[in-house]
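Everything on this sheet refers to the single structure shown next.
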Amino acid sequence: MQIIRYSQHNQRVQYGWILDDKAGPLSGPPFGLYRRMDAVVPLSNVKFHAPVLPGKIIAIGRNYPEHAKEHDVEIPDTPLIFLKPPSSIIGFGDQILLPPQSKKVEYEAELAVVIGRRGRWIDIREIEDYILGYTIANDVTARDLQHNDGQWTRAKGFDSFCPLGPWIETELDVSDVLITNRVNDEIRQMASTREMVFNIPQLVVYISSIMTLNPGDLILTGTPAGVGKLEDGDRIEIEIEGIGMLKNTVAKDLRKG
């Protein structure tokens, strides 16, 4: 099933589901008991919002060997985790804003895991019981600030630096799916999830040994090689086999504090 957050005619945002290119509401959030209401609204008539609003976003660094190689860094012995703030999330079709503090903002196409059930010290044999589904993320990064700071919070944390969507796919084997990233119709990244250093069960087990995972939390599972700079006016399309395509545009952030 494909789970969305959507609105119509600037009305309230609600959870829904998709059937035959039409949307219908859910009676409640997808992390507990809910009913699927009739899907009667054409998708062309809805605005997609980020499919989940997580309490925390746990991201994984250097989880594809070729990505580590392109930055001339070693593959970690254990998962390298960091956090992105929920305020960085935007949805399908929203703009990635280039902050004036950075001269080198880069894209990072990633598969994202959506947690569906509260868990700590999760047993690897029970992983599927804790995953609601999967979506597409872009771990946008101010690369120059990442190098300057020596830690990653500022570089990864600007508003709009976590595009997410278009929906959550609940029925998908993600052990070997293709991730393709196009910028202005040019392929920049292409790799399979089978190339991950640490697979999704390993990541969930490891992270849950450190912190409690709550319903709606996100795990960004790392990016393949081919990361590169985003420019004002760019169009970026990240496609993951079996999920769909996340589309966003890029613009300078001209807002004043």
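The values are calculated or read from the model by the stated rules, or taken from the named source; none is laboratory data. Model, not experiment: these values are computed from the prediction. Note that each Cβ is placed from the backbone with ideal geometry, even for glycine, and that neighbours are counted across all protein chains shown.
The table for this structure:
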| quantity | calculated |
| --- | --- |
| The stretch 122-167: number of residues that are closer than 23 Å to residue 199 by Cα, aromatic (Phe, Trp, Tyr) and in contact with a helix residue (DSSP H, G or I) (Cβ under 6 Å, 6 or more places away or on another chain) | 1 |
| Boolean, residue 34 is outside the structural domain of residue 171 (by TED's automatic domain parsing) and either outside any loop (DSSP other than H, G, I, E, B) or of a type in the set (Val, Ile, Thr) (or both) | no |
| Matching strands (runs of 3 or more DSSP E) fully within the stretch 153-257 where at least 3 residues are under 15 Å from the mean Cα position of the chain (by Cα), among the basic types (Lys, Arg) and assigned by TED's automatic domain parsing to the domain that holds residue 75 | none |
| Total residues in the stretch 108-125, condition among the acidic types (Asp, Glu), within 19 Å of residue 220 (Cβ to Cβ) and part of a loop (DSSP other than H, G, I, E, B) | 1 |
| Count - residues of the stretch 15-40 that are of a type in the set (A, V, I, L, M, F, W, C), surrounded by 17 or more Cβ atoms within 10 Å (Cβ to Cβ) and in contact with a Lys or Arg (Cβ under 8 Å, 6 or more places away or on another chain) | 4 |
| Residue match in the stretch 35-43 (condition: under 22 Å from the mean Cα position of the chain (by Cα) and not hydrophobic (A, V, I, L, M, F, W, C)) | no |
| Test: residue in the stretch 51-64 that is surrounded by 17 or more Cβ atoms within 10 Å (Cβ to Cβ), hydrophobic (A, V, I, L, M, F, W, C) and part of a loop (DSSP other than H, G, I, E, B) | yes |
